[in-house]
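Asker: To start, I am sharing the structure in question, which I have written as structure tokens.
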Amino acid sequence: MARAETLDFSQAALGRIDPALQAFVDSGRVSGIYAVIARHGRIRYERTFGRMDLARGTPMRPDAIFRIYSMTKPVIAVGVLRLVDQGRVGLDDPVSKYIPSFAAVKVFAGGTADAPILRAPDSPITIRHLLNHTSGLAYGLTPGPVDTIFSRAKLYDAGRTLEEFTDSLARIPLLFSPGTQWSYGSGLDVAGRVIEVASGQTLDRFLDEQLFRPLVMRDTGFRIRPEMRNRLATVYTTGPDGTLQPVRGDGLMAMFEPEARFFWGSGGLLSTPDDMLRFTQMLLDGGVFGGTRILRPETVALMTRNTVPPELTPVPSGTLRDPTYGFGLGVAVKVDTAGATRPGPVGIFRWSGYLGTYFWVDPENDLIAMVWTQLSPGSRVPLEATFQELVYSALGNRE
């Protein structure tokens, strides 16, 4: 922990963060919050608010374990890129090189979900397409025939293996020919299977050996271990009466249980803020942390710059793309400040999880910030936007 002035923060301005975040808890909009700001490799601000579990009255802990959902995606991307650095995977390799069922994938060309018209893609899906969401793979988020087909298939089943998932997914038509549009999709799940095939290890074992142990991410993994239960934050949603209710019986929640078979590459990791602070610091420092190199600097630079040309317009609907952001490999990248609704310079890279876990990394200011809760969906409250405004109002503020 460092003093505010040593990291060019205003202590008075930082003091405005506590009441703003506490207000989310006091209003009953979220159960609990963890927030941290780090600069120059040192923590400047770290606070917890509210409860990990309302019924038990358990206070939010700094070492609370969260289901990070889509924040899993950047971790999978780093796993793939580690294999790229090792020469075992090429970004422009066709996915079918590792998963033969993808050699027969088709593109939706018209018709309905019950009677689709299909055609061959103009080019094969590559590893790069998986990581930057230009593969055309569906995710159930875009209204239309393809996502109807995807949703009917009920692919996200904890009893299914990753191999079974990807082979089933390959039979669902693509939204578009790979590389021609951008749509937030299930590509990182497929990337997880590529890791398994290329490494000869299950996804959990590969990530543990290649990322989690070297980065000392002790609490990050796909399954809830018995010793984690008392630190696991409860997931809440807003009930019909407007109060927070624990989420029960959600099929996706089964993904985290010990008996699950599926390694959910697009959303299945449990982690702590401390673990993810190590992960993001590694990226900020060009692929190295604590003397251990995970990625080459050139690979991190590729991951954290925009790879989606502006002419690749997003598929209409809620595909999560902000016009001031492009997309790198597993992370969104800020490409413009004109018209931006949030502060911060070009070059920020970030991602989030559906339940309200957020991180952003600002290379220009050598800064990492995270704010986490467990709310389904987290987008119901402007937690990240509020926190980001407060962080930048304190940075360089001499009041």
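Asker: Mind giving me the FRET efficiency for Ser101 and Thr202? R0 is 25 Å, r the Cβ-Cβ distance, nearest 0.05 is fine. Provide the component values of the computation, followed by the final result.
Answerer: On the way: r = 19 Å, r/R0 = 0.75.
The computed FRET efficiency comes out at 0.85.
Asker: Tell me whether the stretch 253-399 comes out rounded, prolate or oblate; compute the Cα gyration tensor, take square roots of the eigenvalues as a ≥ b ≥ c, and use a/c under 1.5 as the rounded threshold.
Answerer: Rounded.
Asker: Quick check on the stretch 100-187: take the gyration tensor over C-alpha atoms, sort the square-rooted eigenvalues as a ≥ b ≥ c, and tell me if it's rounded (a/c under 1.5), prolate or oblate.
Answerer: The shape class here is rounded.
Asker: What does the C-alpha gyration tensor say about the overall shape of the stretch 33-161? Classify as rounded when a/c is under 1.5, otherwise prolate if a/b is larger than b/c, or oblate.
Answerer: Working: a/c = 2.95, a/b = 1.64, b/c = 1.80.
Cα axes put the stretch 33-161 in the oblate bin.
Asker: Once phi is turned into ³J(HN,Hα) by the Karplus curve 6.51 cos²θ - 1.76 cosθ + 1.60 with θ = phi - 60°, what whole-Hz value does each residue of the stretch 48-59 show in order, with x for glycine and proline?
Answerer: 10, 9, x, 10, 6, 9, 6, 5, 8, x, 6, x
Asker: Where nothing but the Cβ of Lys and Arg (+1) and of Asp and Glu (-1) is charged, how large is the charge dipole of the stretch 64-193 around its Cα centre, in debye to the nearest 20?
Answerer: Computed charge dipole of the stretch 64-193: roughly 120 debye.
Asker: Determine ³J(HN,Hα), in whole Hz, for all residues of the stretch 350-361 in sequence, where each value follows from phi through the Karplus function 6.51 cos²θ - 1.76 cosθ + 1.60 and θ = phi - 60°; x replaces Gly and Pro.
Answerer: So the J values, rounded to whole Hz, are 7, 6, 8, x, 4, 8, x, 10, 9, 9, 9, 10.
Asker: Using unit Cβ charges (K, R positive; D, E negative) and no other charged atoms, how large, in debye to the nearest 20, is the dipole of the chain about its Cα centre? Please report the intermediate quantities before stating the final value.
Answerer: Working: 42 positive and 41 negative charges, 74 e Å.
In total the dipole reaches around 360 debye.
Asker: Please sort through the DSSP H helices of the chain and keep those with an alpha-carbon extent of at least 15 Å along the long axis and a Kyte-Doolittle average not below -0.5. Mind dumping the intermediate values first?
Answerer: Numbers: long enough: 72-85 (20 Å, 1.15); 187-199 (18 Å, 0.88); 273-284 (16 Å, 0.06); 383-394 (17 Å, 0.41).
Once both thresholds are applied, what remains is 72-85, 187-199, 273-284, 383-394.
Asker: Just name one of Gln245, Gly136, Ala369: the one whose Cα is farthest towards the positive end of the charge dipole of the chain (beta-carbon charges, Lys/Arg +1, Asp/Glu -1).
Answerer: The residue sitting most towards the positive pole is Gln245.
Asker: Quote to one decimal, in nm, the extra length available between Ser27 and Ile43 on full extension: 0.36 nm per residue of separation minus the C-alpha distance between them.
Answerer: Extending this stretch completely gives an extra 2.9 nm.
Asker: Between Tyr45 and residues 5 or more places away or on another chain, which pairs have amide H atoms under 5 Å apart, with H built 1.01 Å from N, and which residues are they?
Answerer: Ile37
Asker: A further question follows. Give a residue-ordered list of calculated ³J(HN,Hα) values for the stretch 248-261 (Karplus: 6.51 cos²θ - 1.76 cosθ + 1.60, θ = phi - 60°; whole Hz; x for Gly, Pro).
Answerer: Once θ is set to phi - 60°, the couplings for the stretch 248-261 become 10, x, 6, x, 5, 5, 5, 4, 8, 6, x, 7, 4, 9 Hz.
Asker: Would you work out which of Gln388, Thr307, Pro345 lies farthest towards the positive end of the dipole of the stretch 267-399? Charges go on Cβ: Lys and Arg +1, Asp and Glu -1.
Answerer: Farthest towards the positive pole: Thr307.
Asker: Could you calculate the contour length gain from Ser151 to Ala338, that is, 0.36 nm times the residue separation minus the distance between their Cα atoms, to one decimal place in nm?
Answerer: Full extension of this stretch gives 63.6 nm more.
Asker: Let me ask something additional. Using +1 at the Cβ of each Lys and Arg and -1 at the Cβ of each Asp and Glu in the stretch 136-200, identify which of Trp182, Ser168, Val194 lies farthest towards the dipole's positive end.
Answerer: Of the listed residues, the answer is Trp182.
Asker: I'd like the accessible area for Glu163: 1.4 Å probe, protein heavy atoms, all chains in place, Å² to the nearest 10.
Answerer: Its heavy atoms expose roughly 90 Å² to the probe.
Asker: Give the calculated FRET efficiency between Val288 and Asp114 to the nearest 0.05, with a Förster radius of 56 Å applied to their Cβ-Cβ distance.
Answerer: Once the sixth-power term is evaluated, E becomes 0.60.
Asker: For the chain, modelled as a Gaussian network with Cα springs under 10 Å, which listed residue fluctuates most, Gly221, Gly179, Gly57?
Answerer: With Cα springs under 10 Å in the chain, the top fluctuation among Gly221, Gly179, Gly57 is at Gly57.
Asker: State the extension gain, in nm to one decimal, for the chain segment bounded by Thr161 and Thr243, taking 0.36 nm per residue of separation less the distance between their alpha-carbons.
Answerer: Additional length available on full extension: 25.9 nm.
The values are calculated or read from the model by the stated rules, or taken from the named source; none is laboratory data. Quick caveat, the model's predicted, so the values are computed rather than measured. Neighbour counts are summed over all protein chains in view; Cβ atoms, including those assigned to glycine, are modelled from backbone coordinates with ideal geometry. Please note that ligands, DNA and RNA were not included when accessible areas were found on the heavy atoms of the full protein model with its side chains. Shrake-Rupley method; radii C 1.70, N 1.55, O 1.52, S 1.80 Å.
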